[in-house]
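Enquirer: Have a look at this one before I ask anything.
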Amino acid sequence: MSIVRTVLGDIKVEDMGYTMPHEHILSMPQGHGSKVELDHQLDSYGKAVAMLEEYKQAGGGTIVDATPKTW
């Protein structure tokens, strides 16, 4: 039996469900305030929670957040 270590504890691989392997839930790109950088800014906690709840309701299981520490 293989396990995956998550922020909520270890789970069995077969319990992961549909997995999105490279997401950025919250992000504050480092840049010079250009429109491109601002377009990639994800800084609304409320919107992030709403999107995660929608993902779960649609049958989503696991999300791997690949956002580097930038704040």
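Enquirer: Would you work out if the chain is rounded, prolate or oblate? Take a ≥ b ≥ c from the square roots of the eigenvalues of the alpha-carbon gyration tensor; rounded if a/c is under 1.5, else prolate when a/b is larger than b/c, oblate otherwise.
Expert: Values: a/c = 3.02, a/b = 1.96, b/c = 1.54.
Prolate, because a/c is 1.5 or more and a/b exceeds b/c.
Enquirer: Which percent of the accessible heavy-atom area of the chain goes to carbon and sulfur, probe 1.4 angstrom? If you can, show how the numbers build up before the last one.
Expert: Working: 3460 of 5900 Å².
Heavy-atom surface of the chain belonging to carbon and sulfur, 1.4 Å probe: 59 percent.
Enquirer: Another question, then. How large is ³J(HN,Hα), in whole Hz, for each residue of the stretch 7-16 in order, when computed from phi with the Karplus curve 6.51 cos²θ - 1.76 cosθ + 1.60 and θ = phi - 60°, using x for Gly and Pro?
Expert: 5, 9, x, 6, 9, 6, 3, 5, 9, 5
Enquirer: Of the residues 56, 47, 12, which exhibits the maximal mean-square fluctuation in a Gaussian network model of the chain defined by a 10 Å Cα contact cut-off?
Expert: Checking each option, the largest mean-square fluctuation is seen for 12.
The values are calculated or read from the model by the stated rules, or taken from the named source; none is laboratory data. Computed from a prediction, not measured in an experiment: that's the story for all the values here. Areas reflect the complete protein model, heavy atoms only, side chains present, ligands, DNA and RNA absent. Shrake-Rupley method; radii C 1.70, N 1.55, O 1.52, S 1.80 Å.
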